[in-house]
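To start, the structure under review is shown below, and the notes come after it.
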Amino acid sequence: MIATRLHPDKQTAAQAIAREIADLIEIRSKSGKSTVLGLATGSTPLELYAELIRLHREAGVSFRSVITFNLDEYEGLGPTHPQSYRFFMEENLFRHLDIPAANIHIPDGLANDPAKNCADYEAAIRDAGGIDLQILGIGRTGHIGFNEPPSAADSRTRRVHLDEVTRRDNSVFFGDLDQVPHGALTMGVATILEARRIELIAFGEAKAEIVRRAMKEAPSPSCPATWLQQHPGCTFHLDTAAAKAL
Ligand code: GLP
């Protein structure tokens, strides 16, 4: 069952989720444990990342004990490419925090052997003790990470082909559809479902229909976000526009 939490605006949602993350870090670090976060890109988590930076600067929240795994990366884009997810994460979060560089993990879009990079990624998540809290957005195709339809519930970190709807949606960041890669490396659905908590964020009317499908349709590969219904601790954080079709 997916829980829903309605927020009056993006800022309030960001504050609630950032607080939850800060509390988790505090509780775990008191007993000497690291906190493993699964992180997302796209426009949706930007306010959350700004709020985490604020908590670090103004409330002294430290990220020294945090280990991160990002969901995905475009194939062919390296860390210096302004549209790579590595670049996005450095700019919008990591360089503003005290997180050790060695604790940051993002699939390698330039890997010579993508299959090995993906297998190593799965192993690194396991070695870190699994993901404590996973942040997700949702694409209009029903993708989570870059798990486009069809994506099976037992899919693992792998190379995927991007849906044309996704390429078009993401072309706003590239300025030109031709510049949007056709492939990506993404955590699998099974990888995501193994996270102990999942916080999915969706804002705006453009997400209302896919949020409805994710919550109401029977779980199936044709809408990968429906697999979240099988997770025991998943919450959808929505504004009123994104919750409109529920
Ligand atoms: C991107 C990312 C997803 C993200 C989604 C929604 O393509 N791979 O992780 O959740 O699409 O993006 P946005 O938040 O910009 O709507």
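Quantify how much of the Cα-Cα distance distribution of the stretch 19-69 extends past 17 Å, in percent.
Cα-Cα pairs of the stretch 19-69 separated by over 17 Å account for 34 percent.
Let a ≥ b ≥ c be the square roots of the eigenvalues of the Cα gyration tensor of the stretch 116-246; is it rounded (a/c under 1.5), or, if not, prolate (a/b larger than b/c) or oblate?
Oblate shape, in that a/c is at least 1.5 and b/c is the bigger or equal ratio.
Aspartates and glutamates near LYS207 by alpha-carbon distance under 16 Å, same-chain residues fewer than 8 away left out - which ones?
The qualifying aspartates and glutamates are ASP9, GLU148, ASP169, GLU199, GLU217, ASP239.
State to the nearest 20 debye the size of the charge dipole of the chain about its Cα centre, where the only charges are +1 on K and R beta carbons and -1 on D and E beta carbons.
With only Lys, Arg, Asp and Glu charged at Cβ, the dipole is about 600 debye.
For a quick size check, give me the Cα extents of the chain along its three principal axes, largest first, whole Å.
Cα extents, longest axis first: 44, 44, 34 Å.
Can you pull the percent of Cα pairs in the stretch 181-236 with separation above 13 Å?
Within the stretch 181-236, distances greater than 13 Å cover 64 percent of Cα pairs.
Out of GLY32, SER155, ALA111, whose Cα points farthest toward the positive end of the dipole of the stretch 10-166 (charges: +1 Lys, Arg; -1 Asp, Glu; placed on Cβ)?
GLY32
So, in Å, what gap is there between the alpha-carbon centers of the stretch 156-232 and the stretch 1-27?
Answer, in whole Å: 20.
If I model a spin label as a point 7 Å beyond the Cα along the Cα-Cβ vector, how far apart are those points for MET1 and ASP120 in nm?
Using points 7 Å along Cα→Cβ, the separation is 4.3 nm.
I need the Debye-formula profile for the stretch 52-164: one equal scatterer per C-alpha, no solvent, reported as log10 I(q)/I(0) at q = 0.10 1/Å, two decimals.
-0.33
No value in this document is a laboratory result; all are computed from the given coordinates. Since the model is a prediction, treat every value here as computed from it, not as a measurement. Here Cβ is always computed from backbone atoms with ideal geometry, including for glycine, and neighbour counts include all displayed protein chains.
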